[in-house]
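Here's the structure, in structure tokens; my notes come after.
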Amino acid sequence: MRRTIACLLLAILVFPGVEAAQPVRARKAMVVSRETNATDAGVAILRAGGNAIDAAAAVGFALAVTHPSAGNLGGGGFMLIRFADGRATFIDFRERAPLHATRDMYLDKDGKPTRDSVLGWRAAGVPGTARGLEFAQRKYGKAKWADVVAPSVKLAREGFAISYGLANGLKTAKNLAQFPESKRIFQKSGSYHAAGDKLVQPELAGVLERIQRLGARDFYEGETAKILAAEMAKNGGLITLDDLKQYEAAERKPLEGNYRGFKIITAPPPSSGGIGILQMLAVLEKTGYEKEGAGSAQAIHYTAEAMRRYYADRAEHLGDPDFWPVPVSKLLSPAYVNKLRASINPDKATNSDDIKAGDLKTMESTETTHYSIVDAEGNCVAVTYTLNGGYGSGVAVPGLGFLLNNEMDDFSVKPGHANMYGAIGGEANAILPKKRPLSSMSPSIVLKDGKPFLVVGTPGGTRILTSVMQVIQNVVDFKMNAQDAVNFPRFHHQSRPDKLQMEPLFSPDTRKLLEQRGHTIEIVRTICEIAAIQFEDNGWLAGAADPRVEGKAAGY
Ligand code: GLY
């Protein structure tokens, strides 16, 4: 895989504008997700006459069965929709803090953060996925609800073949091993599932069948809710029946901005991603950063400097907009963007200590998942949803068979102080009952001449927004096709720690040039896993799953 990517990279660098890798092409409709059964479920709904929103719900439920590290019923996420008629909307089904949550709930008696925000029953926020997928499908879908949920029921009831990657993931997930029910279901009580084995999940099938028959109401008020609340009470968790009953998805106005004549529709707060993508691109737009080509030290330096500056703002100013006044227009105002741009030294990395907007950051785990869908009518959907950490809190609910998120760790567990990862969080993102934790999830849709051009997103915690931005840069500035744009090596800077993270395939001399400019480089194995769909000029759809993982693009 690495050799293939290296060859492709070389081809792009030597022959800019030349296509090195081929995306999956289709005329009418396309689904790209992290897992093959889930992609197939989405395509089947589309072929049966459903629209992209129906397919998005079907893929979301299917991933809850087949991609247990991030696909979920016990977590939450964001869905961005751009309708064929030009309207756009954003459905926020991010988890909320339980009613009994308190600001200091994850501090011990000496004021030190505990592991409780990461592992176990107390780490879970109130899940939003069932409510969010239903809200979107009932309002904007056209298929029958039962048909949308059906593929996931079948996958859970009859089982599916465990892939090589999933077998590895399940075996090495330490958090699953700590909870008997999780260990029983996902690790065969210690004897482990092998690649090719069938994973049958009867308890999860039961939950999905009730959702199919009774709607998400069952999850929030019915049998599922009662079992979940009882298990929470038994195990010291916070979520009650009241929490579940009161959970609502929020429909928000997406953020919009422009970059080199392209319109970018993206995620508003409580995502920090959309503001970041728009601010960083605006900073880059007038720098000429792209002149030396994709992957050049110059392009990486300028982009990293834009990243460094946004992350300083992010932790200071970003939080749930229902609880904290996020200064969106200020952060994106031309005057402010000009000031940020002017502060970049073309030859020298700025020390993050000298960036004062906010010396704060929060860190999120890299485990989340994203899928992109386009239907034959031209509706586009980008969904990113998550349990936060891989397999979330590690807790599978007895009798229900789904894993709970550990999204509470996305709050600033101790505002103003380093948390257990050495990260620092801001007051804007402090814990409050019913508040949503700050996210980086950035489902995005780019328009060219007013028409859909790119549907894109990724998991990856704080690296999400910088990776989504790089794919946009690769397509818009470096004229790559969707697959090359996804395959191309990525890098990331988030101000603190003051390190430029880079995938290994950048050349040693590029790294050297960056070090000469003062960057401290850290090589990391992979950064993010993009799922993208591009509308090509000839009318074809190009679907690009990320070769870094076992995704699948398919269409017709
Ligand atoms: N938990 C990952 C995110 O929301 O960004």
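The HN-Hα couplings worked out from phi for region 391-400 by the Karplus form 6.51 cos²θ - 1.76 cosθ + 1.60 (θ = phi - 60°) are 6, x, 6, x, 8, 9, 6, x, x, 10 Hz, whole numbers, x standing for Gly and Pro.
So for Leu63, Leu255, what's the accessible-area order with a 1.4 Å probe, most first?
Numbers: Leu63 0, Leu255 25 Å².
Largest accessible area first, the residues go Leu255, Leu63.
Hey, what's the Cα Rg ratio for region 497-556 versus the globular rule of thumb, 2.2 N^0.38 Å?
Numbers: Rg = 16.6 Å, N = 60, 2.2 N^0.38 = 10.4 Å.
Compactness ratio reported: 1.60.
Val326: net charge of surrounding residues, Cβ under 15 Å, Lys/Arg +1, Asp/Glu -1, itself excluded? Spelling it out: positives minus negatives among the neighbours equals +1.
A Cα-only calculation for region 18-77 places Rg and Dmax at 13.0, 43 Å. Close amide H pairs (under 5 Å, H built 1.01 Å from N) link Ala294 with no residue at least 5 positions away or on another chain.
Relative protection proxy for 73-79, 187-193, 429-435, from highest mean packing down: 73-79, 429-435, 187-193 (other beta-carbon atoms within 10 angstrom).
Computed with every protein chain present, the accessible area of Asp243 is close to 10 Å² [probe 1.4 Å]. For region 222-231, putting each phi into the Karplus relation 6.51 cos²θ - 1.76 cosθ + 1.60 with θ = phi - 60° gives couplings of x, 4, 4, 4, 5, 5, 4, 5, 5, 5 Hz, in residue order, rounded to whole numbers and with x for Gly and Pro.
With semi-axes defined as the square roots of five times the eigenvalues of the C-alpha gyration tensor, the equivalent ellipsoid of the chain measures 34, 28, 22 Å, largest first.
Residues in region 322-336 carry Karplus couplings, in order, of 6, 10, 9, x, 7, x, 4, 5, 5, 5, 10, 5, x, 4, 5 Hz; the curve used is 6.51 cos²θ - 1.76 cosθ + 1.60 with θ = phi - 60°, and Gly or Pro positions show x. How much length would be gained if the chain were fully extended between His100 and Arg213, taking 0.36 nm per residue of separation minus their Cα-Cα distance, in nm to one decimal? Roughly 37.6 nm would be gained on extension. Packing, taken as the mean count of other beta carbons within 10 Å per residue, orders the peptides 84-94, 162-172 from highest to lowest as 84-94, 162-172.
Ranking Tyr220, Gly288, Leu340 by how far each Cα lies toward the positive end of the dipole of region 205-358 (charges on Cβ) leaves Gly288 at the top.
Given a cut-off of 29 Å, name the pairs among Lys139/Lys479; Lys154/Lys226; Lys263/Lys552; Lys139/Lys435 whose C-alpha atoms lie farther apart than that in the structure shown. Distance filter (> 29 Å) returns Lys139/Lys479. The portion of the accessible surface of the chain made up by carbon and sulfur, rounded to a whole percent, is 52 (1.4 Å probe; DNA, RNA and ligands excluded).
Net charge within 10 Å of Asp116 by Cβ-Cβ distance, Lys/Arg positive one each and Asp/Glu negative one each, not counting Asp116 itself?
Values: positive: Arg115, Arg122; negative: Asp108, Asp409.
Local charge sum for Asp116: 0.
Taking all protein chains as they are arranged and a probe of 1.4 Å, the heavy atoms of Asp116 leave approximately 60 Å² accessible to solvent.
The alpha carbon convex hull volume per residue for region 406-556 rounds to 164 Å³.
Average 1/r across all pairs of distinct alpha carbons in region 70-139, invert it, and you get the Kirkwood radius: 14.3 Å.
The values are calculated or read from the model by the stated rules, or taken from the named source; none is laboratory data. As the structure is a prediction and not an experimental result, all values here were calculated from the model. Counting neighbours? That spans all protein chains shown, and the Cβs are built from the backbone with ideal geometry, glycine included. Protein only, heavy atoms only, side chains kept; ligands, DNA and RNA dropped before computing areas. Shrake-Rupley method; radii C 1.70, N 1.55, O 1.52, S 1.80 Å.
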